[in-house]
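The values are calculated or read from the model by the stated rules, or taken from the named source; none is laboratory data. Since the structure is predicted, the reported quantities are computational estimates derived from the model, not experimental observations. Note that each Cβ is placed from the backbone with ideal geometry, even for glycine, and that neighbours are counted across all protein chains shown. When the accessible area is computed, the model is the full protein with side chains, heavy atoms only, and any ligands, DNA or RNA have been set aside. Shrake-Rupley method; radii C 1.70, N 1.55, O 1.52, S 1.80 Å.
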Amino acid sequence: MYSRLQEQMKAKRYYPALRTLELLEQTCLPQAGQYRFCSIMAENIPRLRTQIRDVSMSDLKDFLESIRKHSDKIGETAMKQAQLQRSVDSTLPHQQRAGSGRRARKEAGANTDLDGHGCSPLSEQDSGILDVEDEEEDEVPGAQDLVDFSPVYRCLHIYTGLGARDTFESYYRKQRRKQARLVLQPHSNMHETLDGYRRYFNQIVGFFVVEDHVLHTTQGLVNRAYVEELWELALSKTIAALRTHSSYCTDPDLVLDLKNLIVLFADTLQGYGFPVNQLFDMLLEIRDQYGEILLKKWNLTFRQILDLDNYSPIPVATEEEYRCITGQFPFQDPQLEKMPFPKKLPFSQFVPKVYSQLKEFIYACLKFSEDLHLSSTEIDDMIRKSTNLLLTRTLSHCLQYAIKKKNVGLAELVQIIINTTHLEQSCQFLEGFISNITNVPPDTVNATKLYGTSTFKDARHAAEEEIYTNLNQKIDQFLQLADYDWMAAQGGGQASDYLSDLIAFLCSTFTVFTHLPGKVAQTACMSACKHLSTSLLQLLLEADVRQVSMGALQQFNVDVRECERFARAGPVPGFQGDTLLLAFIDLRQLLDLFTQWDWSTYLADYGRPTCKYLRVNPHTALALLEKMRDTSRKNNVFAQFRKNERDKQKLIDTVVKQLRNLISAHQS
């Protein structure tokens, strides 16, 4: 019996050696009597027992160190298996993890109770706890097939035999907790590459695959409460690490790959029975971050498209070119289709490019929504909300930037209005596009509507306002060239050069406006005429002009008649009658009053609705009259000796006095 013990120790079969030792101590030696060799063997038994315990513990420590080093390989295998299983069984709603049937067989085969005959447990007869040969031929080996768990079972049996099972359990759990904390500590540069995240996940999965296997193949070494406690710790640490490291990421492709990796990580552990709802909740947070990254990326894309656009209608020379563009952008114009080639589409290149990028953004949003266990309605709602942010925030700002940037010309602004009009009309097609890829009808109750219409309307209105401002600035530039001789004895027979140039500019400008919506062109034209009229009046009344002769006033009248001729010619279609002439009505009545010197009519009819000079403000008339009175006084130093000049001066003084009385009367 003692020689058998020596052989078992030599063969490192420590659990059978421990059973043989117990048999010697409890049965053989008491029966052998009081021999010296018996006492020597009895004295060696405690030493041998300690040796068996220490050797098994040493093997366990080697095992723990080995699985710590190779947990990433274990996890990698488990995640590959889960990915394979998901692709094979994707049609099943709740597929059990691969190997669940194996586990039941292994639980039965790996029972750690001693058998009734005192033989070693199965782990002593087979270096691996799993019997791969008994599995179905088409079944992929599990990740735990990579690990030899025999040191764990051997040490557990030995410590149980020594009456120190509690000590062993406490040591094992303490060491595994330490390893868990190490595994859950991410590298500082984990966020830089997908491989960094992959290694982190592999280690965590490898750790819990081992614990899950130990849980199901031992009786009480670890229990469900212990594993759940570790998992709760791991879940909180993992989510915190992912929140921190993912926030550093600015590459949407990396975020998308990370999302797919997290889904695989969650599905793998869910297959082992671990709750992963918090991981999917966190993925919704990352989705918001992903959306912000996409918005930044598309902001640059839209800026580039708008900067590189030539803001000219797209010329098409062949049917193929025409179909290529209309394939990118939903455009139909029966009249244009009938026209022969070459011809031009009304919009510039940025229209089909922007529309294509809107669809690309929607596809990018859809990619992130996949595999998140969301309903079609939830995915549809997410995509629509993200697209609305793209329209109302990103694209809107880019359009405003293109409209407000320096040196943008009237032709570019006109083209922007045309472009945004066509993009606004395409919003219904975007609605249908989203519905097609999410299988949710656009008329679904509570479905989020796209705000594209308002986005493009706002941009168009901004462009219109910029056109009005731009036109007024151009008019002001021409007016700065005005060089009136305010002391001229008589007016010229033709319009001033600056005004002729201004009218020519306006005529060519409004020719470009023929492609604009009618109301926009009419508003621009009316705005320009009103600004011109107001500016001319200000020019006449400005403080620097202290004297105005009748000759200067006559020349000014010729220039205003040229403006009226322009308005009467109808530079923009759609005005009824002489509507555009009304922009110059204030100037016309003021000039008629002075050139015809019809003060009796003005003073007599002032305040009546039918007054001939209803638009003439008495303050304005007084200011201009004061300038003419000064001219009359200083025109000739001998004026007081001429009866005509004296009479004229008296007349002006009389009118001035009457105007002042009129103003005082109405103020009181």
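Checking each residue in region 260-302 for being closer than 12 Å to V205 by Cα and not aliphatic (A, V, I, L, M) picks out F265, D267, T268, Q270, G271, Y272, F274. I'd like to verify a number: residues in region 600-612 that are touching a residue at least 12 places away in the same chain (Cβ under 8 Å) and open to solvent by 10 Å² or more (accessible area, probe 1.4 Å), how many? Number satisfying all stated conditions: 5. When region 517-536 is filtered for residues that are touching a residue at least 60 places away in the same chain (Cβ under 8 Å) and in contact with a helix residue (DSSP H, G or I) (Cβ under 6 Å, 6 or more places away or on another chain), the ones remaining, listed by number, are V520, A524, A528, H531, S535. In region 404-445, of all residues being farther than 20 Å from P330 by Cα and acidic (D, E), the one that is least open to solvent (accessible area, probe 1.4 Å) corresponds to E412.
Checking the condition open to solvent by 10 Å² or more (accessible area, probe 1.4 Å), free of Cβ contacts under 8 Å to residues at least 24 places away in the same chain and part of a helix (DSSP H, G or I), which residue from E169, E229 passes?
Working: E169 fails: free of Cβ contacts under 8 Å to residues at least 24 places away in the same chain.
Every option except E229 fails the conditions.
Of all residues in region 245-269, those satisfying the criterion of being open to solvent by 40 Å² or more (accessible area, probe 1.4 Å) and either touching a residue at least 40 places away in the same chain (Cβ under 8 Å) or in contact with a Ser or Thr (Cβ under 8 Å, 6 or more places away or on another chain) (or both) are S247, Y248, T250, D251, D257, N260. Residues in region 556-584 that are in contact (Cβ under 8 Å) with a residue 40 or more places away in the chain, open to solvent by less than 30 Å² (accessible area, probe 1.4 Å) and over 13 Å from Q522 (Cβ atoms): F556, N557, D559, C563, F566, F584. Residues considered: Q175, Q185, Q219. Of these, the only one that is surrounded by 15 or more Cβ atoms within 10 Å (Cβ to Cβ) and not basic (K, R) is Q175.
Filtering region 475-493 down to residues that are assigned to a loop (DSSP other than H, G, I, E, B) and of a type in the set (A, V, I, L, M, F, W, C), which residue is farthest from the chain's Cα centre (by Cα)? Even if it seems obvious, please write down each step before you answer.
Keep residues of region 475-493 that are assigned to a loop (DSSP other than H, G, I, E, B), which gives 480-493.
When the remaining residues are screened for being of a type in the set (A, V, I, L, M, F, W, C), the result is 481-482, 486-489.
On the way: L481: 49, A482: 51, W486: 61, M487: 65, A488: 66, A489: 69 Å.
So the residue we want is A489.
Exactly one residue out of F433, F429 is part of a helix (DSSP H, G or I) and out of contact with any helix residue (DSSP H, G or I) (no Cβ under 7 Å at 6 or more places or on another chain): that is F429.
Which of the following residues is surrounded by 16 or more Cβ atoms within 10 Å (Cβ to Cβ) and assigned to a loop (DSSP other than H, G, I, E, B): F368, F361, F341, F347? Step through it out loud before you land on a result.
On the way: F368 fails: assigned to a loop (DSSP other than H, G, I, E, B); F361 fails: assigned to a loop (DSSP other than H, G, I, E, B); F341 fails: surrounded by 16 or more Cβ atoms within 10 Å (Cβ to Cβ).
One residue alone meets the criteria, F347.
Among the residues of region 540-557, those identified as more than 19 Å from G493 (Cβ to Cβ) and aliphatic (A, V, I, L, M) are L540, L541, A543, V545, V548. Of the residues that make up region 192-199, is at least one modelled with pLDDT of 90 or more, over 28 Å from the mean Cα position of the chain (by Cα) and either within 22 Å of R287 (Cβ to Cβ) or not aromatic (F, W, Y) (or both)? Among the residues of region 192-199, at least one is modelled with pLDDT of 90 or more, over 28 Å from the mean Cα position of the chain (by Cα) and either within 22 Å of R287 (Cβ to Cβ) or not aromatic (F, W, Y) (or both), which makes the answer yes. When restricted to residues that are open to solvent by 10 Å² or more (accessible area, probe 1.4 Å), among the aliphatic types (A, V, I, L, M) and out of contact with any Ser or Thr (no Cβ under 8 Å at 6 or more places or on another chain), region 373-398 contains 2.
Within region 52-65, the only residue that satisfies the criterion of being without any contact (Cβ under 8 Å) to a residue 40 or more places away in the chain and within 17 Å of G206 (Cβ to Cβ) is E65. Considering (1) more than 52 Å from the chain's Cα centre (by Cα); (2) touching a residue at least 40 places away in the same chain (Cβ under 8 Å); (3) open to solvent by 10 Å² or more (accessible area, probe 1.4 Å), the lone condition that F594 does not fulfil carries the number (3).
Taking each residue of region 479-501 that is farther than 13 Å from L553 by Cα and looking for partners that are small (G, A, S) and modelled with pLDDT of 85 or more with beta-carbon atoms closer than 6 Å, six or more apart or interchain, yields L479/S535; Y498/A482. Which residues, counting only those in region 211-232, are more than 19 Å from H157 (Cβ to Cβ) and not small (G, A, S)? Answer for region 211-232, where residues must be more than 19 Å from H157 (Cβ to Cβ) and not small (G, A, S): E211, D212, R224, Y226, V227, E228, E229, L230, W231, E232.
Does K530 meet the test of being of a type outside the set (A, V, I, L, M, F, W, C) and modelled with pLDDT under 90? Break it down into steps so the answer makes sense when it comes.
On the way: of a type outside the set (A, V, I, L, M, F, W, C): yes; modelled with pLDDT under 90: no.
Criteria not met by K530.
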